[in-house]
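K.L.:
Would you mind keeping the following structure in view while I ask a few things?
Each value in this text was obtained by applying a stated rule to the coordinates, not by laboratory testing. Because the structure is predicted, anything quoted here is derived from the model rather than measured. Cβ atoms come from the backbone with ideal geometry, glycine included; neighbour counts cover every protein chain shown.
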Amino acid sequence: AMVMHATFGLDHYPNYLQRWQMSDIEELEMKLRAQLDKVVEEKEKLRQKLLSSSSFLCRLATAPAPQDIWDKRFLELIDGDGKLRLGKLNKILSEEADGVYSFPLLQPSLCQQIVSCANDFAAFTRQEKLEGKFDSERPAVLDMMKLGWINDMLLRQVVSPLAEALFEDELEGETLDWRHGYIVGYAPKDPGQAGTEFRPRRNHLVSHTDDSEITLNVCLQSDYQGGELVFHGRRGSGEELKTLGSFKAPAPGWAVLHVGRQLHEVLPVTGGKRYGLILWTRSMRGMRSGVCPCCWLNRRHPTSAACVCGPQWN
Ligand SMILES: O=C(O)CCC(=O)C(=O)O
Ligand SMILES: [Fe+2]
């Protein structure tokens, strides 16, 4: 009842909680958190149910052997327990722009298999749409494609340890516990017959920040022209309009790691097809209550300047 009253009150009255005792507010906060945990748990169960009932046949539904997953250079940094040897990181990392790192990560053959899965999934959702099961074709979200294991693996073995080593100041001790992975495709303005393949939706992507704290971007197919990934300053840093560097993967399997607040864009693809796997990661449990509700990413320090998502950003 307390939660119900408070939810109503917060919706209807300004400064609603100012009439409350601090201890009651704290109790409310705890109860809301417990409720939120329940929502997260039930949502996860539902998601699993949807997945298991889906009839999509994924040819990559389980993880292959490590040597068929990781690029040799990356594999050398993984110890017997699957942990990344952080001391040897500088052997493979290059800094493409201030705070933007690239490195060889996945086997090109695995990348090719992931693209094949995206093609299969595109054909599958197109069929479902034809049969009237869904209103629209569904996006190539890894969880829906039964490739959630790739999200989990990349979060646990790549993004979490690297973020702790490279973006310690950003994370402030929080754990990245949420991930969302999807496939993006680009082709020139007139890509010709799309057939049953995964359809590239665009030829470029305007400058933006991600709904993520740390983003991993893996090239899946590199024989395209144009399509450089350009990095600008971080939102809120005063360097937003500065171009800091750009990156083009030398081969499939190369990855870039950057903070979600780093403004980035993809220049127009003028030939070939450009496919990538994007993994957004966040800390959902710990810090969210302390961040700006409009962008989730800024104003972590209560003493810092005004929210960058003010009028100048919206
Ligand atoms: O395609 C890329 O390299 C970047 C994609 C991206 O920035 C995004 O999906 O948020
Ligand atoms: Fe992005």
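K.L.:
Between residue 86 and residue 267, with labels modelled 7 Å along Cα→Cβ, what's the label distance in nm to one decimal, could you check?
P.N.:
Here the answer is 3.5 nm between the modelled labels.
K.L.:
Still on this model: Starting from the Cα-Cα distance between residue 206 and residue 189, subtract it from 0.36 nm times their residue separation and give me the gain in nm to one decimal.
P.N.:
Working: separation 17, 0.36 × 17 = 6.12 nm, distance 1.50 nm.
Here the answer is 4.6 nm.
K.L.:
Using the crude model of +1 on Lys and Arg Cβ and -1 on Asp and Glu Cβ, and no other charge, please compute the dipole size for the chain relative to its Cα centre, in debye to 20.
P.N.:
On the way: 38 positive and 41 negative charges, 131 e Å.
Roughly 620 debye for the chain.
K.L.:
Going by amide H atoms built from the backbone, whose H comes under 5 Å of the H on residue 143, apart from near neighbours?
P.N.:
Amide H to amide H, under 5 Å and 5 or more residues apart or across chains, residue 143 pairs with 181.
K.L.:
Applying 1/(1 + (r/R0)^6) with R0 = 51 Å to the Cβ-Cβ distance of residue 126 and residue 95, what FRET efficiency is obtained, to the nearest 0.05? Can you show the working numbers first?
P.N.:
Working: r = 41 Å, r/R0 = 0.81.
Given R0 = 51 Å and the Cβ-Cβ separation, E is 0.80.
K.L.:
If you don't mind, there's one more thing I want to ask. Please list, or write none, the lysines whose alpha carbon is within less than 23 Å of the alpha carbon of residue 88, excluding same-chain residues fewer than 8 places away.
P.N.:
72
K.L.:
May I ask you to evaluate 6.51 cos²θ - 1.76 cosθ + 1.60, the Karplus curve with θ = phi - 60°, for each residue of segment 225-233 and list the ³J(HN,Hα) values in order in whole Hz, giving x for glycine and proline?
P.N.:
Residue by residue, segment 225-233 yields 10, x, x, 5, 8, 9, 10, 10, x Hz.
K.L.:
Please compute, over every Cα-Cα pair in segment 1-53, the percentage with a separation greater than 15 angstrom.
P.N.:
On the way: 801 of 1378 pairs.
Here the long-distance tail beyond 15 Å is 58 percent of all Cα pairs in segment 1-53.
K.L.:
If I stretch the segment between residue 38 and residue 278 completely, what's the gain in nm (0.36 nm per residue apart, minus their alpha carbon distance), one decimal? Intermediate results must be reported in sequence, preceding the final value.
P.N.:
Working: separation 240, 0.36 × 240 = 86.40 nm, distance 2.78 nm.
Fully extending the segment from residue 38 to residue 278 adds 83.6 nm.
K.L.:
Evaluate the relative contact order of the chain (contact order divided by residue number), counting alpha-carbon pairs under 8 angstrom at least 6 apart; express in whole percent.
P.N.:
Relative contact order for the chain comes out at 18 percent.
K.L.:
I'd like the FRET efficiency for residue 246 and residue 21, computed as 1/(1 + (r/R0)^6) with the beta carbon distance as r and R0 of 51 Å, rounded to 0.05. Walk me through the numbers before you get to the answer.
P.N.:
Details: r = 55 Å, r/R0 = 1.07.
It comes to 0.40.
K.L.:
Once fully extended, how much extra length lies between residue 61 and residue 1, figured as 0.36 nm per residue of separation less the alpha-carbon to alpha-carbon distance?
P.N.:
Gain on extension, residue 61 to residue 1, equals 17.2 nm.
K.L.:
Normalise the Debye intensity by I(0) for the chain, one equal point scatterer per Cα, no solvent, then take log10 at q = 0.07, 0.12, 0.13, 0.14 Å⁻¹ and round to two decimals.
P.N.:
-0.33, -0.94, -1.08, -1.21
K.L.:
Please report how far the C-alpha centroid of segment 158-237 lies from that of segment 82-114, rounded to the nearest whole angstrom.
P.N.:
Going from one Cα centre to the other spans 14 Å.
K.L.:
Give the cross-link partners of residue 129 among the lysines, using a straight C-alpha distance below 20 Å as the criterion and excluding same-chain residues fewer than 8 apart.
P.N.:
146
K.L.:
Quickly work out the residue 175-to-residue 239 label distance, labels modelled 7 Å from Cα along the C-beta direction, and quote it in nm with one decimal.
P.N.:
Each label point lies 7 Å from its Cα, and together they span 3.2 nm.
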